[in-house]
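Step one of this worksheet: look at the structure below.
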């Protein structure tokens, strides 16, 4: 029986376990990436491992999230990351060099290699045939130390692309169409692998847009074959030497297959407030638009920017629209400046932002009250833009640019000929903002600003775990709900005690105070709890507040791993209807919790008792024996350091 492409790469990197779906495996990690939103904590955790140097083939620390620098906090964190990277053998991408995923696929991604990143959109590099996975910062820190990455062996989903895209239809429409069919939960526990004749018409930047938003499906990762288009992209980046052809075997067996006819697609938009609320732009209609933001790690490539510039050339944006454009990397920005496309954007009235995440994560450009904002981002969760009353629609750069000119959401197909942009034969290469680490053995002083505080550590699990149900939330709660990441809070990513006061406040402003008053307790949640970002702070802030367990109908993959890594029990209702039997402030207890976790393989369930209602509730604890040991130790760091 043949293998899928992902299975081939996993087998080449397999350290432990059986490649059977649902079984826990460990794989060797070749490369890691961090960004500054998650990076400070990841490097603090790496330092806690007390290792002299990273042991990966390549590790890169990017600065792309905290770039507003409205106070000393961001700049201090940047200096910490730069000095810790220099000391431990990590390359450092300075502010202004670009968004981590865009820069990494340009300069570092290698077909057939593994990449672990402390950002949920790390699978972007799957567009180049790399097995790229997003994870929590602690998992990345441990991988930098040379340990394998543990995960549940995913199921394999094949998406066969047939036909080719029509004018004005783009790669963004491909992934939006898939989201409309699979939903934000449809990829959980799966690797999405693309194949079919349709992939031949997609360039690497277009493929990267699709794999980037595989994160919105909840997938472990997404991957395209490495083929002639891959070789051309790498050659244009001066990196053809790392190219190798990679594809699935012809007789590879997949768990499920979905077929998408590219020629049948039309311009689409994801409506507020979820990436899977997708409808054709034509059906949504010409709603008034206040703001347009083009960029983010999803749609900020050179080709995206050139199409945008071509649409804007010689035009003027609508007087009611604010248009902001953020090229994804300095390479892209430099090329736009040299060929005149940047001038076309500026002349049309666009505001040019630096090459950073910016509006996508709520770092600036918050819309006005009640505004409609069209964005080429990957997420439109409630309040993520920085304005709770705003309605954010996710669209392609083509739809965004045309709508900026008309002032309303516009299907661009009737407006004229679509721009055609060819892949350049050579990209402009200048890596002088990527700082090499110090030679091994050189003394480097790590600089820590006053905003960097010790991160919380859990205690080993002992005896009963009791407390009150402090909050009860619905389905699809995101990490933006659990630990908001707006422009006011992002500078404090290295200060968990401060951030904890904002934990889950979008759901209940009184939650932090209640958690402190009760000395911790439990969180009750619906399905897909913790979807979205990989931010470990969504586990660290609850830990700071004394949360002992989260009881949910189901969990998103990365967040569940982050809870386990920090020693917080992720319990799943055996009967989802039991969710309705718990009210806020009910008194709950897990009697002899340590013994229940130790005996998990025998009893299969964890017994939770609601003292208020005198009712027993059975819960599943879907962890491996290794993860159970981690929970008993109070988290991965305690286990790694053998804390008693």
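The values are calculated or read from the model by the stated rules, or taken from the named source; none is laboratory data. Keep in mind the model is a prediction, meaning the values are calculated, not measured. No Cβ is skipped: glycine too gets one built from the backbone with ideal geometry, and neighbour counts run over all protein chains shown.
Within segment 78-92, which residues are within 21 Å of residue 328 (Cβ to Cβ) and in contact with a helix residue (DSSP H, G or I) (Cβ under 6 Å, 6 or more places away or on another chain)? Working first, answer last.
Residues of segment 78-92 that are within 21 Å of residue 328 (Cβ to Cβ), as a first pass: 78, 81, 91-92.
Passing the criteria: 81, 92.
Could you list all residues from segment 611-628 that are modelled with pLDDT of 95 or more and either surrounded by fewer than 18 Cβ atoms within 10 Å (Cβ to Cβ) or out of contact with any helix residue (DSSP H, G or I) (no Cβ under 7 Å at 6 or more places or on another chain) (or both)?
Scanning segment 611-628 gives 611, 612, 613, 614, 615, 616, 618, 619, 620.
Only residues that are farther than 17 Å from residue 4 by Cβ, in contact with a helix residue (DSSP H, G or I) (Cβ under 6 Å, 6 or more places away or on another chain) and assigned to a helix (DSSP H, G or I): list them for segment 180-209, please.
Within segment 180-209, 182, 198, 204, 205, 206, 208, 209 meet the criteria.
Test each condition in (1) under 30 Å from residue 41 (Cβ atoms); (2) in contact (Cβ under 8 Å) with a residue 60 or more places away in the chain; (3) buried (at least 24 other Cβ atoms within 10 Å of the Cβ) for residue 185 and report the one that comes out false.
So the condition that residue 185 fails would be (3).
Every residue in segment 531-547 that is in a loop (DSSP other than H, G, I, E, B), modelled with pLDDT of 95 or more and either in contact with a strand residue (DSSP E or B) (Cβ under 8 Å, 6 or more places away or on another chain) or farther than 26 Å from residue 42 by Cα (or both), please. Walk me through how you get there before you give the answer.
We begin by selecting, within segment 531-547, every residue in a loop (DSSP other than H, G, I, E, B); these are 532-536, 545-546.
Cutting the leftovers down to modelled with pLDDT of 95 or more gives us 545-546.
Passing the criteria: only 546.
Can you tell me which residue in segment 281-298 is surrounded by the most Cβ atoms within 10 Å (Cβ to Cβ), limited to those that are in contact with a strand residue (DSSP E or B) (Cβ under 8 Å, 6 or more places away or on another chain) and not in a strand (DSSP E or B)? Give the derivation first.
The first filter runs over segment 281-298 and keeps only residues in contact with a strand residue (DSSP E or B) (Cβ under 8 Å, 6 or more places away or on another chain), leaving 281, 284, 286-296.
If we keep only those that are not in a strand (DSSP E or B) too, we end up with 281, 284, 286-287, 289-290, 295-296.
Numbers: 281: 25, 284: 16, 286: 14, 287: 15, 289: 24, 290: 19, 295: 33, 296: 27.
In this case the residue turns out to be 295.
Counting only residues that are within 20 Å of the chain's Cα centre (by Cα) and in a helix (DSSP H, G or I), which one in segment 42-67 is surrounded by the fewest Cβ atoms within 10 Å (Cβ to Cβ)?
45
Which of the residues spanning segment 216-244 are within 18 Å of the chain's Cα centre (by Cα) and under 21 Å from residue 3 (Cα atoms)? Quick ask: steps written out before the conclusion?
Of the residues in segment 216-244, the ones within 18 Å of the chain's Cα centre (by Cα) are 216-223.
Within segment 216-244, 219, 220, 221, 222, 223 meet the criteria.
So which residues in segment 260-280 are crowded, with 18+ Cβ neighbours inside 10 Å and farther than 30 Å from residue 388 by Cβ, if there are any at all?
Scanning segment 260-280 gives 260, 262, 265.
Filter segment 1-41 for residues that are part of a helix (DSSP H, G or I), at pLDDT below 95 and touching a strand residue (DSSP E or B) at 6+ places or on another chain (Cβ under 8 Å); which is surrounded by the most Cβ atoms within 10 Å (Cβ to Cβ)?
At the first step, the residues of segment 1-41 found to be part of a helix (DSSP H, G or I) are 5-13, 36-41.
In the following step, the residues that additionally are at pLDDT below 95 were identified as 36-41.
Within this subset, residues satisfying the condition of being touching a strand residue (DSSP E or B) at 6+ places or on another chain (Cβ under 8 Å) are 36, 39.
Values: 36: 26, 39: 33.
This residue is 39.
Hey, can you tell me all the residues within segment 338-364 that are crowded, with 22+ Cβ neighbours inside 10 Å and within 17 Å of residue 319 (Cα to Cα)? Full working, then the answer.
First, pick out the residues of segment 338-364 that are crowded, with 22+ Cβ neighbours inside 10 Å: 341, 345, 350, 355-363.
Within segment 338-364, 345, 350 qualify.
Quick test of your reading of the structure: residue 305 fulfils all but one of (1) on the phi < 0 side of the Ramachandran plot; (2) surrounded by fewer than 15 Cβ atoms within 10 Å (Cβ to Cβ). Name the failing condition by number.
(2)
Hey, residue 468 hits all of (1) assigned to a loop (DSSP other than H, G, I, E, B); (2) touching a residue at least 24 places away in the same chain (Cβ under 8 Å); (3) at negative phi but one; which does it fall short on?
Status for residue 468: all satisfied but (1).
Need a quick list: strands (runs of 3 or more DSSP E) entirely within segment 83-175 having at least 2 residues that are closer than 18 Å to residue 28 by Cα. Give the derivation first.
On the way: elements: 91-93, 114-117, 131-134, 149-152, 155-162.
The strands (runs of 3 or more DSSP E) meeting that bar are 114-117, 131-134, 149-152.
Considering only segment 406-420, state which residues are closer than 26 Å to residue 362 by Cβ and in a loop (DSSP other than H, G, I, E, B).
In the first step, residues of segment 406-420 are kept if they are closer than 26 Å to residue 362 by Cβ; the result is 407-410.
Passing the criteria: 407, 409, 410.
Go through segment 471-480 and report how many residues are in contact (Cβ under 8 Å) with a residue 60 or more places away in the chain and buried (at least 17 other Cβ atoms within 10 Å of the Cβ). Outline the logic, then answer.
Step one: list which residues in segment 471-480 are in contact (Cβ under 8 Å) with a residue 60 or more places away in the chain, which gives 471-472, 475-476, 478-480.
Those still in the list that are buried (at least 17 other Cβ atoms within 10 Å of the Cβ) too: 471-472, 476, 478-480.
Counting residues in segment 471-480 that are in contact (Cβ under 8 Å) with a residue 60 or more places away in the chain and buried (at least 17 other Cβ atoms within 10 Å of the Cβ) gives 6.
Give the residue that is surrounded by the fewest Cβ atoms within 10 Å (Cβ to Cβ), with candidates limited to residues of segment 487-527 that are farther than 14 Å from residue 538 by Cα and modelled with pLDDT under 95.
Looking at residues that are farther than 14 Å from residue 538 by Cα and modelled with pLDDT under 95, I get 488.
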